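The values are calculated or read from the model by the stated rules, or taken from the named source; none is laboratory data. Here the structure is a predicted model, which is why all the values come from computation and not from measurement. Here the Cβ positions follow ideal geometry from the backbone for every residue, glycine too, while neighbour counts run over all protein chains shown. Heavy atoms of the whole protein, side chains included, go into the accessibility calculation; ligands, DNA and RNA do not. Shrake-Rupley method; radii C 1.70, N 1.55, O 1.52, S 1.80 Å.
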Amino acid sequence: MKILSWNARGLGNPSAFRHLRLLVQQQSPHVLFLMETKLGANSITRLRQSLHYPNGLESPRVGLSGGLMLLWSEDVDVNLLNFGPTFFDCYMVFKGCPSFHFTGFYGAPDVANRSTSWTLFKRFGDVAPLQPWLAIGDFNEILSNNDKFGGALRPESQMEAFRTTLDKCSLHEVPYIGDHYTWIKNRRALDTIKERLDWCFINNHWESFFHSSTVEHLDYYHSDHRAIVASFSFGPTADNTARSKSRFRFEKLWLGDPESAEIISQNRLDSLSIDPIPLVITNPDSCAKNRNHGISTSMGK
């Protein structure tokens with residue numbers, strides 16, 4: 001199963017459309033999410049027919065910029081929840097698979113409007129907090145300055161707002177293959193700037209239903225953004241309890257729980273004779289493992 005996301009930077013001229021058709025022919029995505037189409041209203045019929053997609057939604061350009069499209073094949077069902085100039089939010093079902101929450105998102109290009117983007121995005125996280133969720137698109141932001149090459153460093157507060165939004169929504173990135181950077185400016189100049197602006201995120205419920213989730217960073221196809229494609233299969237991971245992105249968090253209410261106090265104390269006592277550096281690293285994991293075991297046992301009573 002494939003979902004392809006691309007900031008096309010305009011599809012009004014024949015050359016741009018030829019690149020889009022080539023991209024679809026090469027990847028055969030079940031779902032196609034396009035941003036910055038710069039197309040007016042009622043353009044979707046021509047694209048659907050030319051690209052052989054029976055279903056689609058459009059959010060026309062505002063002025064001469066923007067424009068979104070969401071196209072999907074006949075073996076996909078979409079139940080639209082909401083849409084706007086920068087997003088499609090819906091429930092999606094691939095044939096033979098469970099329903100999941102899908103968000104195609106285009107983050108505000110202007111930094112001044114970025115906080116409004118994050119406020120909007122956090123509302124999507126409240127739609128179905130217990131359902132698997134995949135969010136994909138051009139978020140127009142990086143997680144750290146490691147996602148940037150050339151130009152001035154990004155202010156930490158700006159990136160922290162993005163990270164905080166993802167934490168609030170319990171989202172983490174999907175592992176990718178291909179070039180790290182998905183956007184380029186001044187490609188042939190000495191002052192080239194590259195950034196990773198296009199992302200695919202999943203929540204902690206995703207891996208209970210789907211596996212083999214990967215993202216591939218493709219070519220630019222005449223845009224300044226690479227197309228990215230998310231691939232996944234239906235079925236749980238081999239061990240849903242061992243997720244590399246999951247993080248153990250200490251809850252204050254455990255301080256009043258005698259069982260929690262005993263677990264922490266025992267882990268500390270068991271490690272008194274051990275080198276303190278590994279102790280600092282492994283003790284939270286050990287506490288988490290014992291705590292989760294205690295919760296599972298008590299729920300089974």
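Answer with yes or no whether F83 is open to solvent by 30 Å² or more (accessible area, probe 1.4 Å), among the aromatic types (F, W, Y) and farther than 11 Å from L11 by Cα. For F83, the condition - open to solvent by 30 Å² or more (accessible area, probe 1.4 Å), among the aromatic types (F, W, Y) and farther than 11 Å from L11 by Cα - is met. If a residue has to be open to solvent by 30 Å² or more (accessible area, probe 1.4 Å) and aromatic (F, W, Y) to count, how many in the range 48-77 make the cut? So the answer is 0.
How many residues, within the range 100-119, are open to solvent by 40 Å² or more (accessible area, probe 1.4 Å) and either more than 19 Å from M69 (Cα to Cα) or free of Cβ contacts under 8 Å to residues at least 12 places away in the same chain (or both)?
At the first step, the residues of the range 100-119 found to be open to solvent by 40 Å² or more (accessible area, probe 1.4 Å) are 109-113, 115-116, 119.
Right, trim to either more than 19 Å from M69 (Cα to Cα) or free of Cβ contacts under 8 Å to residues at least 12 places away in the same chain (or both) and you get 110-113, 115-116, 119.
Residues meeting the conditions: 7.
Residues in the range 216-237 that are open to solvent by less than 20 Å² (accessible area, probe 1.4 Å) and assigned to a strand (DSSP E or B): H217, H225, I228, V229, A230, F232.
Restricting I184, I142 to those that are in contact (Cβ under 8 Å) with a residue 40 or more places away in the chain, in a strand (DSSP E or B) and at negative phi reduces the list to I184. For the range 145-181, residues that are in contact (Cβ under 8 Å) with a residue 24 or more places away in the chain, open to solvent by 80 Å² or more (accessible area, probe 1.4 Å) and either touching a Cys at 6+ places or on another chain (Cβ under 6 Å) or among the hydrophobic types (A, V, I, L, M, F, W, C) (or both) total 2. Each residue in the range 189-215 was checked for being of a type in the set (S, T, Y), without any contact (Cβ under 8 Å) to a residue 60 or more places away in the chain and not in a strand (DSSP E or B), and 1 of them qualify. Can you confirm whether the range 182-193 contains a residue that is over 20 Å from N140 (Cβ atoms) and at pLDDT 95 or above? Checked the range 182-193: no residue is over 20 Å from N140 (Cβ atoms) and at pLDDT 95 or above. Taking first residues from the range 29-54 that are touching a residue at least 60 places away in the same chain (Cβ under 8 Å) and partners that are among the charged types (D, E, K, R) and surrounded by 12 or more Cβ atoms within 10 Å (Cβ to Cβ), the Cβ contacts under 6 Å between residues at least 6 apart in sequence or on separate chains come to P29/K2; H30/K2; M35/D138; E36/R9.
Results for (1) under 18 Å from K168 (Cα atoms); (2) modelled with pLDDT under 95, shown as yes or no for each residue.
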residue	(1), (2)
C90	no, no
K95	no, yes
T119	yes, no
K122	yes, no
A128	yes, yes
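Listed by first and then second residue, the pairs linking a residue in the range 1-14 that is free of Cβ contacts under 8 Å to residues at least 60 places away in the same chain and surrounded by 19 or more Cβ atoms within 10 Å (Cβ to Cβ) to a residue that is not small (G, A, S) and not in a loop (DSSP other than H, G, I, E, B), with Cβ atoms under 8 Å apart and 6 or more places separating them unless they lie on different chains, are L11/F17; L11/L20; L11/L34; L11/L47. Scanning the range 25-47 for residues that are modelled with pLDDT under 95, open to solvent by 50 Å² or more (accessible area, probe 1.4 Å) and part of a helix (DSSP H, G or I) yields a total of 2.
So in the range 120-144, with the set limited to residues that are charged (D, E, K, R) and open to solvent by less than 40 Å² (accessible area, probe 1.4 Å), which one is nearest to T192 (Cα to Cα)?
So, considering only residues that are charged (D, E, K, R) and open to solvent by less than 40 Å² (accessible area, probe 1.4 Å), the one nearest to T192 (Cα to Cα) is E141.
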